[in-house]
1. Distance in nm between label sites at Ala91 and Arg116, each 7 Å beyond Cα in the beta-carbon direction?
2. Where in segment 13-29 is the amide nitrogen less than 15 Å from a point lying 7 Å along the Cα-to-Cβ axis of Leu82?
3. May I ask you to compute the full-extension gain from Ser36 to Met73, defined as 0.36 nm times their residue separation minus their alpha-carbon distance, rounded to one decimal in nm?
4. List the relative contact order of the chain as a percent without decimals, with contacts defined as Cα pairs under 8 Å and 6+ residues apart.
5. Computed over the Cα atoms of segment 41-95, what is the convex hull's projected area averaged over all directions, in nm²?
6. Among (1) 16.1, 52; (2) 28.0, 89; (3) 14.9, 43, which is the computed Rg and Dmax of the Cα atoms in Å?
7. Sorting Met73, Met94 on the 10 Å Cβ count, fewest up front, what's the list?
8. Rg and Dmax in Å for segment 6-82, alpha carbons only: what are they?
Amino acid sequence: MPKTARALLQLPPATTAALEKLGADLAVARLRRKESLRSWAQRMGVTVSTLQRLEAGDPSVSIGIVATALWLMQRDGELRHLAAPEHDQGALEMDVREAVQLGRARAQVAAEARLRSEGASPPRARKPKA
């Protein structure tokens, strides 16, 4: 039995399900085109067993083989959008948080500079009345 990479064993369940759906969708595409496993595998340059693993959603199938299957369906153009920076929601949210923090810091510096230029000292915390 081949050694399985630890990363593949730690795939989140949603990712595993997405790979299985992709594989099933690729199988449907092949069948709708009335292609046999053998002919589709030959066109892809892979073995029938590799194509079967791909269609089963096996995460160890290389991305190049997935790309080739998508190319046969004329869907490989979609690959360029998968990790495009403009669609990276996590990074976009981080950029917004950093911009807000920078804006607050600059506003604080500007307020302190204004107070110094006016000769006033920064406001002090008041003592509570007894």
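Where a number appears in this text, it was derived from the coordinates with a stated rule and is not lab data. Every value quoted in this text rests on a predicted model; they were computed, and no experiment measured them. So basically every Cβ, Gly included, is an ideal-geometry build from the backbone, and we count neighbours across all protein chains shown.
1. With each label point 7 Å from Cα toward Cβ, the separation is 3.7 nm.
2. 15-26, by backbone N distance to the label point.
3. Working: separation 37, 0.36 × 37 = 13.32 nm, distance 1.45 nm.
Gain on stretching Ser36 to Met73: 11.9 nm.
4. Here the relative contact order equals 18 percent.
5. On the way: hull surface 18.4 nm².
So the Cα hull casts an average projection of 4.6 nm².
6. (2)
7. Working: Met73 14, Met94 11.
By the 10 Å Cβ count, ascending, the order reads Met94, Met73.
8. 12.2, 37
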